[in-house]
Amino acid sequence: MVECGWGATRKKEGRLKLKYQKLMRRRGKTKALVAVGHEIIIAVYHILSKEGEVYRVPEVRASEDRSKQTNYHLTKLKELGFDIETIAKAI
C-alpha cells in the first residue's frame, strides 16, 4: 500500500497528495506515506463493501484549511498587539 501511496502523491491535484504534504511536514515522509496507504485501504473497503453504490471521492478542502490558518494567525497577531484592520487593508 505504501507503493500505491507514492503513486497517489505524484498526482498533480488530489486529496491524497494534500494529505501527504500536510502530514509530511509534521510527521515525516514515512509516516505520511503509511497514512496515505491507510486512506487507500479505507477507500477500497468502502468500494467493495457497498455493492451497487457509486463511490464518491470526498472533496478537497484546501480552502477551508487556509481560512483556518488565516484566522489562527490573525488571532495570534491580535494577542501580540498588532492592529489587524491596518494589516487587512494592506493586503
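Give the residues of segment 13-51 whose amide nitrogen is closer than 16 Å to a point set 7 Å from the Cα of Arg66 in the direction of its Cβ.
Those under the cut-off are 13-15, 18-19, 22.
For the chain, which semi-axes, largest first and in whole Å, follow from the square roots of 5 times the eigenvalues of its Cα gyration tensor?
Calculated on Cα positions only, the semi-axes equal 36, 16, 11 Å.
Label His73 and Tyr55 with points 7 Å out from Cα along Cα→Cβ: what is the distance between them in nm?
The modelled label-to-label distance comes out at 3.6 nm.
Only four residue types carry charge here, +1 at the Cβ of Lys and Arg and -1 at the Cβ of Asp and Glu. Report the dipole size of the chain about the Cα centre in Debye, rounded to the nearest 20. All intermediate terms of the calculation are to be shown ahead of the outcome.
Working: 20 positive and 11 negative charges, 77 e Å.
That gives a dipole near 380 debye.
Helix 15-27 against the longest principal axis of the chain: what's the angle in degrees, Cα atoms only, rounded to the nearest 10?
Helix 15-27 sits roughly 60 degrees off the main axis of the chain.
Between Asp83 and Ile42, what length in nm is gained on full extension when 0.36 nm per residue of separation is reduced by their alpha carbon distance?
Fully extending the segment from Asp83 to Ile42 adds 10.2 nm.
Every number here is computed from the coordinates shown, using simple stated rules; none is lab data. No experiment lies behind these values; they were computed from the predicted model shown. Don't worry about glycine lacking a Cβ; one is built from the backbone with ideal geometry, like all the others, and counts go over all protein chains shown.
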